[in-house]
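Working notes, structure below.
The values are calculated or read from the model by the stated rules, or taken from the named source; none is laboratory data. This is a predicted model, so every value here is computed, not measured. Cβ: placed from backbone, ideal geometry, glycine included. Neighbour counts: every protein chain shown.
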Amino acid sequence: MGTTVSAVRTSNKRGAFNRFAREYMIVLITIGVFISATIACTIKFGDPSTFLNMQNMVNILRASSVMGIIALGMAFVIISGNIDLSVGAQMVFVGIASFNVINGLEPHIGPYGAIVVGIIAAMAMSVALSMMCGFIVTKGVVPSFIITLGLSYIYRSLSIFVLQSGGINISTKVFQNISNTNLGIVPMPVVYFFIVFAVYLYISRYTVMGRRIFAVGSNSQATRLSGINTDWIKIQAFALLGLTVAIAAIVEGSRMNSMNSSSSGLGYDLNTIAMAVVGGIAMEGGKGNFVNVLFGIIILGMINNVLTIMGMDVYLVNAVKGGIIIAAVLLLRSRGKLN
């Protein structure tokens with residue numbers, strides 16, 4: 001009898017640990033990356049504070065904020081069962097349009113009015129482009145990665161054509177202040193990122209739209225048979241991504257005070273997908289947790305930061321980062337987070 005009770009207790013403990021690991025594996029991975037980065041910097045420089053200091057933690061969040069904002073929108077699209085490879089080029093295309101609106105209106109209505117109109121124009125344009133993409137994907141019954149790859153070429157080509165492979169600037173200091181000011185010690189891009197995170201977390205958990213996006217990604221056929229317009233839900237998911245692309249374009253444009261048609265936004269599409277997937281968003285759709293996506297964004301940010309601090313050869317950075325991403329995703333899948 002005593003042996004049986006002991007076995008039951010052991011089984012319960014093991015079950016509790018497995019549940020904890022499944023639910024919080026991404027947190028454990030984040031802690032592991034943090035400790036590994038601290039140890040690596042301590043070994044190389046003899047001082048953990050090279051990595052482990054408040055300013056560097058702020059730098060990690062600031063460097064991750066723009067792609068992190070897009071990654072939150074990308075999470076909804078992946079949950080719906082799709083993917084978007086055009087977000088980097090779309091951010092540049094929208095940013096250039098917004099800059100032109102601001103520069104054209106500033107002499108007539110002043111910097112504040114021009115900036116407000118420019119931001120509204122960026123959001124309207126980006127949401128419209130993403131909804132158009134969702135419409136083509138759903139009504140054309142074409143894989144989203146093909147459509148968005150084509151759109152990426154279109155956006156980038158048009159941007160390069162308009163600016164003749166150059167860039168565009170805004171002279172007003174007011175626009176630069178959007179991203180280049182702090183709230184206490186926290187840079188404003190980080191503040192914007194957490195505002196978007198809070199809103200999208202709320203949408204995913206407490207709104208009908210959020211629940212339907214999960215339902216469509218989990219079983220589109222069953223959702224359709226229940227009377228829900230699945231095509232419209234997928235288009236809404238793309239719209240949520242388009243909104244984050246517009247916000248990212250404004251934040252990035254303000255931070256750099258420029259938008260370059262050739263180099264801005266390069267790699268943002270794959271990096272934002274990686275952030276979402278490392279954060280536990282299932283590529284097959286229907287599964288994911290936005291709190292875990294937050295940790296996925298932080299993990300990628302820490303990896304980029306520590307590799308830079310360590311002075312790793314630029315030609316090897318992506319190889320190491322890729323290996324860590326693969327290891328993290330395999331570990332999550334082994335614990336059932338991506339199954």
Unique residue being surrounded by fewer than 24 Cβ atoms within 10 Å (Cβ to Cβ) and either farther than 28 Å from Met256 by Cα or at pLDDT below 85 (or both) when the list is Arg9, Arg62: Arg9
Residue check, Val199 modelled with pLDDT of 95 or more and surrounded by fewer than 16 Cβ atoms within 10 Å (Cβ to Cβ): yes
Qualifying residue in the range 170-179 (condition: more than 21 Å from the chain's Cα centre (by Cα), of a type in the set (Val, Ile, Thr), surrounded by fewer than 21 Cβ atoms within 10 Å (Cβ to Cβ) and at negative phi): yes
Any hit, the range 76-94, residues being part of a loop (DSSP other than H, G, I, E, B) and either β-branched (Val, Ile, Thr) or under 22 Å from Val191 (Cα atoms) (or both): yes
Residue in the range 236-255 that is of a type outside the set (A, V, I, L, M), modelled with pLDDT of 90 or more, surrounded by 21 or more Cβ atoms within 10 Å (Cβ to Cβ) and in contact with a strand residue (DSSP E or B) (Cβ under 8 Å, 6 or more places away or on another chain) present: yes
Matching residues, the range 89-127, being more than 21 Å from the chain's Cα centre (by Cα), more than 19 Å from Leu163 (Cα to Cα) and touching a residue at least 60 places away in the same chain (Cβ under 8 Å): Glu106, Pro111, Tyr112, Ile115
Qualifying residue in the range 143-156 (condition: over 23 Å from the mean Cα position of the chain (by Cα) and either crowded, with 19+ Cβ neighbours inside 10 Å or not in a helix (DSSP H, G or I) (or both)): no
